[in-house]
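Student: I have a structure I would like to understand better, so I am pasting it below and will then ask my questions one at a time.
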Amino acid sequence: MDTPASYVQVGFILISLPNLLVIIGMLVVFVAALVAPFPGHRGAGEDGDDLAD
Amino acid sequence: MTSPTEPPGPALGDGSWTGATRRLLERLIPLDHLLPTRQPFFVGSWVYVFGVVAVTALVWVIGSGVVLAFFGPGWWHVSGVGHLVNSIHFWSVQFFFVFVALHLWGQYFMASWRDGRAATWLVGVVIFIIGLVTGFTGYVAQQNLDAQWIAINAKDGINATGAGAFFNVLDFGQMYGIHVMLLPILVTMLVALHVLQVRMRGVVKPIEVKASSSGGNPPPTAAP
């Protein structure tokens, strides 16, 4: 914990490895959210009920 | 209009400010929108789960922050339990920002400002920006070498913007006061407003449903 983080450099881009891993993790979660089915989702068109008014 | 539950006593009349306020709130925030029992199918999306996780992380941030503020830096840097609560505070902040960013990405690609929801979108963006400032003041209020390094390096940047005259990152008292009092109250109030806005207007319809509705079945009725 007290040692400096490793850094990754590609051209002018310099980023610490922990920050890079967090960003990659966020992208993975975001893509997974696009493709993973939502639990209990009945799909569009089957139930278009909106908020009761 | 007299409610059956209205307490006995002389009526204030329709012109009273309490009656006018009540009617305004009943019109703007009907109870069946605040606490709905039915939701449109497109609420079932991970994007909204990201928002709920961010709110949950904020609860942990505030809870651990209250404990840290109560016991002080001499406790969170020295004792084992202090280290634990300090770490909970740090990691719940990381979760907050990760899931706020994921929620924002999703809302951006859904164009969630459509159909009169611009204010809801803007409040969300402002929460993210104020959250960044809150995180920054927290980093410089840690009372350790990391905080000193960040403050010393940040002061020139802050001064270059002209904000250094009233926002002195080397002033621990100012940074700590802003971090534990002003900004958390602001973020909490804006998050409450954001949730209220979502309840008032409902979430935005998916783009594909709206596009396909032009030549097919009508889309679900929008929440007022």
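Student: Rounded to the nearest 20 debye, what is the charge dipole size of the range B:93-203 about its Cα centre when +1 sits on each Lys and Arg Cβ and -1 on each Asp and Glu Cβ? Before the final figure, lay out the partial values.
Tutor: Details: 5 positive and 4 negative charges, 97 e Å.
Dipole of the range B:93-203, to the nearest 20 debye: 460 debye.
Student: For a quick check: sort B:Ser92, A:Ser16, A:Ser6 by the number of other beta carbons within 10 angstrom, fewest at the front.
Tutor: Numbers: B:Ser92 19, A:Ser16 13, A:Ser6 9.
Ranking B:Ser92, A:Ser16, A:Ser6 by Cβ neighbours within 10 Å, fewest first, gives A:Ser6, A:Ser16, B:Ser92.
Student: I've got another one for you. Taking Cα atoms, how many degrees apart are the long axis of helix B:145-161 and the longest axis of chain B, rounded to 10 and kept between 0 and 90?
Tutor: Tilt of helix B:145-161: around 70 degrees.
Student: Scattering from the C-alpha atoms of the range B:141-198 alone, worked out with Debye: what is log10 I(q)/I(0) at q = 0.31 1/Å?
Tutor: These q points yield log10 I(q)/I(0) values of -1.16.
Student: Same structure, new question: Going by alpha carbons, how many degrees (0 to 90, nearest 10) lie between the helix axis of B:80-109 and the longest principal axis of chain B?
Tutor: 40
Student: Still on this model: What's the angle, to the nearest 10 degrees (0 to 90), between helix B:183-201's Cα axis and the longest principal axis of chain B?
Tutor: That helix lies at roughly 20 degrees to the long axis.
Student: I'd like the distance between the alpha-carbon centres of the range B:124-164 and the range B:47-102, rounded to an integer number of Å.
Tutor: 17
Student: Now, a different point. Over the alpha carbons of the range B:104-168, what is the largest minus smallest coordinate on each principal axis, giving the biggest first in Å?
Tutor: 47, 24, 15
Student: Relative contact order of chain B, please, whole-number percent, based on alpha carbon pairs below 8 angstrom and at least 6 residues apart.
Tutor: Working: 169 pairs, mean separation 48.2, N = 224.
Across chain B, relative contact order equals 22 percent.
Readers should treat all values here as calculations from the given coordinates under stated rules, not as data from a laboratory. In this text the structure is predicted, and so the values were computed from the model without any measurement. Note that each Cβ is placed from the backbone with ideal geometry, even for glycine, and that neighbours are counted across all protein chains shown.
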